[in-house]
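Let me begin by presenting the structure, written as structure tokens, before commenting on it.
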């Protein structure tokens with residue numbers, strides 16, 4: 001049985017519909033990430049689950065219990081916000097214990113829960129400090145600890161790393177991943193960062209304009225995107241797209257042939273089986289899947305070379321002016337103005 005279920009979920013603010021007919025099942029113990037561009041509705045969807053916004057239509061079920069009419073405190077959830085929202089006049093211990101004291105738990109029970117959470121987060125030595133004496137990463141751990149002490153059915157994270165610098169964001173992301181494995185708790189995590197989504201999630205939900213574009217494991221979405229939006233959103237650098245025509249469709253409608261930008265590509269995965277020969281279509285190929293080859297029929301002129309240390313990203317332009325990128329793990333001897341030819345394996349490309 002799913003831990004969290006969303007059925008026909010809609011949300012409107014006045015005449016503006018921001019969540020559109022969302023269906024979703026989240027299993028017990030899963031780490032699910034809502035990802036998408038700013039304004040796609042991911043935080044609103046999380047707030048609907050938490051009870052911080054009211055549904056316009058649909059059902060939300062947590063632990064087999066409809067929660068549409070329940071306040072946040074009775075939904076069995078604990079939420080970690082982008083803003084740490086710590087009480088500045090309270091110690092770390094008092095901040096973590098505050099919600100428990102409102103439940104009228106005994107002092108012994110509160111102490112046990114707070115100390116257990118502090119051990120999990122390796123912050124026992126910080127319990128007497130106030131937020132002003134903590135770093136940004138430590139404050140975020142306090143906010144996470146405040147959620148852990150409640151022993152919720154579901155953890156909700158709303159872009160918890162956005163206020164941290166790049167190095168600290170990576171370290172805290174690793175801590176959250178370890179924490180999830182340790183607690184084995186159902187977790188729903190919102191981010192606009194596709195790297196966070198790919199590294200943390202058991203399952204990713206990609207949203208655009210309030211609609212679910214695709215749901216699946218990180219590598220399923222990376223390797224077999226259902227549409228151009230998902231293909232372009234996941235992956236860094238972004239997938240390359242080339243305009244052309246569908247010259248041929250196989251009998252089963254699963255693959256097709258592409259002609260355009262001076263290249264021909266056969267037996268390419270077709271994401272829209274209803275497409276017919278001569279329809280306009282786009283070829284998608286990731287920068288990492290291009291291979292420099294003198295016999296290749298994709299030709300580009302180098303416009304920029306970015307040496308990033310772990311990889312080199314080459315920006316190019318086709319004869320017709322279409323920009324695309326090539327990513328190499330090594331540092332090739334390539335200069336601006338060079339003309340390069342590329343090939344790629346047909347099973348690495350997609351037709352949209």
- Message: Any residue at all in the stretch 101-108 that's in contact with a helix residue (DSSP H, G or I) (Cβ under 7 Å, 6 or more places away or on another chain) and closer than 20 Å to residue 186 by Cβ?
- Response: no
- Where residues in the stretch 87-106 are closer than 19 Å to residue 120 by Cβ and outside any helix (DSSP H, G or I), which of them is modelled with the highest pLDDT? 91
- Among (1) over 30 Å from residue 11 (Cα atoms); (2) in a loop (DSSP other than H, G, I, E, B); (3) in contact (Cβ under 8 Å) with a residue 60 or more places away in the chain, where does residue 272 come up short? (1)
- Query: If we keep just the residues of the stretch 275-286 that are touching a residue at least 40 places away in the same chain (Cβ under 8 Å) and in a strand (DSSP E or B), which is nearest to residue 340 (Cα to Cα)?
  - Reply: 285
- Query: Within the stretch 24-45, can you find the residues that are touching a helix residue (DSSP H, G or I) at 6+ places or on another chain (Cβ under 8 Å) and either at pLDDT below 95 or closer than 14 Å to residue 213 by Cα (or both)?
  - Reply: 33, 34, 35, 36, 37
- Item | For residue 104: the one exception among (1) without any contact (Cβ under 8 Å) to a residue 60 or more places away in the chain; (2) within 31 Å of the chain's Cα centre (by Cα); (3) on the phi > 0 side of the Ramachandran plot | (2)
- Message: Being farther than 23 Å from residue 236 by Cα and touching a helix residue (DSSP H, G or I) at 6+ places or on another chain (Cβ under 9 Å) is true for just one of 132, 177, 97. Which residue is that?
- Response: 97
- Task: Please indicate, with yes or no, whether at least one residue in the stretch 115-138 is within 15 Å of residue 79 (Cβ to Cβ) and either free of Cβ contacts under 8 Å to residues at least 40 places away in the same chain or in a helix (DSSP H, G or I) (or both).
- Result: no
- Note on the structure: The number of residues in the stretch 139-178 that are within 24 Å of the chain's Cα centre (by Cα), farther than 21 Å from residue 196 by Cβ and free of Cβ contacts under 8 Å to residues at least 40 places away in the same chain is 0
- Item | Conditions (1) closer than 30 Å to residue 253 by Cα; (2) more than 32 Å from the chain's Cα centre (by Cα); (3) surrounded by 14 or more Cβ atoms within 10 Å (Cβ to Cβ); number of the one not met by residue 320 | (3)
- Message: Of the residues 164, 156, 105, only one is closer than 21 Å to residue 74 by Cβ and surrounded by fewer than 22 Cβ atoms within 10 Å (Cβ to Cβ); which?
- Response: 105
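The values are calculated or read from the model by the stated rules, or taken from the named source; none is laboratory data. Keep in mind that this is a model prediction, so the values were computed, not measured. For neighbour counting, all protein chains shown are included, and Cβ atoms are generated from backbone atoms with ideal geometry for every residue, glycine included.
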